[in-house]
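**Student:** Here's a structure for you.
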Ligand SMILES: [Zn+2]
């Protein structure tokens, strides 16, 4: 019984410190077999019906959400999952998520993207209690303007080297506006990585398990540069020494710094 009490305390700790109190009931609802949509590697869908999700905050508006289990070829779809705000979908790339822990972390990760989308469209009050420390820290992290400006500067240096390489390959320049749109997206990834790492660390406190914080690696940074359309597969296949250095510098923007 003591163990049970401790375990429940631990769960409460996790709920208080992360957005799991917001996300777990939602993810439970979305993952019911009758609701889930399967998408095969050709894009054809079977099953599923949207869930009209109402965030916890006062006056929050309902959003029709779906969970899509996508059987895409991992070589074609480089990331483990994504949240598509315009289609109201959390997408899990099944073949990138072989274990229960992988699935839990990917769903949590995409759930944080969803929470950030709600924050943008409805304001942070829509997410829940205004004094919730998890909402507060997410809000502060995502709006950290110095970090976004820093990310933009580093990305701009990469863009210039990328365009030198693209010119040699007779390809059109990547315009400066791409830096402006992609920098906040990469910063959002850093924040979501931090929030997901924090969940992993909290879950193993007091157990024999070990968890490591996830940092952007050179390879994950390349995946996101492709996912957000900053570079193509061909660009990444023809990396020059300068570009490699610039990408290395992007990843040193460590995610834990996102937590104020
Ligand atoms: Zn993400």
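All of the numbers you see were taken from the coordinates with simple rules; none came from a lab. Predicted model only: the values in this text are computed from it and were never measured. Neighbour counts are summed over all protein chains in view; Cβ atoms, including those assigned to glycine, are modelled from backbone coordinates with ideal geometry.
**Student:** In whole Å, what three semi-axes, largest first, describe the equivalent ellipsoid of the chain built from its Cα gyration tensor (square root of 5 times each eigenvalue)?
**Tutor:** Semi-axes, largest first: 32, 22, 19 Å.
**Student:** With a/c under 1.5 counting as rounded, go ahead and sort the range 144-258 into rounded, prolate or oblate using the C-alpha gyration tensor (a ≥ b ≥ c being the square roots of the eigenvalues; past the cut-off, prolate if a/b is larger than b/c, else oblate).
**Tutor:** prolate
**Student:** OK, next. By counting other Cβ atoms within 10 Å of each Cβ, how are 226, 248, 189 ranked from fewest to most?
**Tutor:** 248, 226, 189
**Student:** Using Cβ counts within 10 Å as a stand-in for footprinting exposure, how do 35, 246, 120 rank, fewest first?
**Tutor:** In increasing order of surrounding Cβ atoms, one gets 120, 35, 246.
**Student:** Under a plain spin-label model, where a point goes 7 Å from the Cα along Cα-to-Cβ, how far apart in nm are residue 171 and residue 73?
**Tutor:** The answer from the label model is 1.9 nm.
**Student:** Calculate the translational D of the range 30-135 in whole µm² s⁻¹ from Stokes-Einstein, where the hydrodynamic radius comes from the Kirkwood formula applied to all Cα pairs, the temperature is 37 °C and the viscosity 0.692 mPa s.
**Tutor:** Rounded, D is 226 µm²/s.
**Student:** Report, to the nearest 10°, how far helix 20-30 tilts away from the longest principal axis of the Cα atoms in the chain, using its own Cα long axis and a range of 0 to 90°.
**Tutor:** Helix 20-30 and the main axis of the chain meet at about 90 degrees.
**Student:** Now, a different point. Just to be sure I understand the model, the point goes 7 Å from the Cα along the line to the Cβ. What's the resulting residue 207 to residue 180 distance in nm?
**Tutor:** Simple spin-label model gives 4.6 nm for this pair.
**Student:** Could you tell me the calculated FRET efficiency between residue 52 and residue 240, based on Cβ-Cβ distance and R0 = 51 angstrom, to the nearest 0.05?
**Tutor:** 0.55
**Student:** What is the range 114-260's relative contact order, in percent, from Cα pairs under 8 angstrom and six or more apart in sequence?
**Tutor:** 29 percent
**Student:** Something else now. Roughly speaking, what is the centre-to-centre gap between the range 19-34 and the range 127-145 when only Cα atoms are used, to the nearest Å?
**Tutor:** 21 Å
**Student:** While we're looking at this one, here's another question. Between helix 176-204 and the chain, what is the angle of the helix's C-alpha long axis to the longest principal axis, kept within 0 to 90° and rounded to the nearest 10?
**Tutor:** Helix 176-204 and the main axis of the chain meet at about 40 degrees.
**Student:** Using helices alone, what [θ] at 222 nm do you get for the chain, with -39,500 (n - 2.57) per DSSP H run of 4 or more residues, divided over all residues and rounded to the nearest 500?
**Tutor:** The helix contribution divided over the chain gives -17500 deg cm²/dmol.
**Student:** Relative to the longest principal axis of the chain, what angle (0 to 90°, nearest 10) does the C-alpha long axis of helix 2-17 take?
**Tutor:** Its long axis makes an angle of about 50 degrees.
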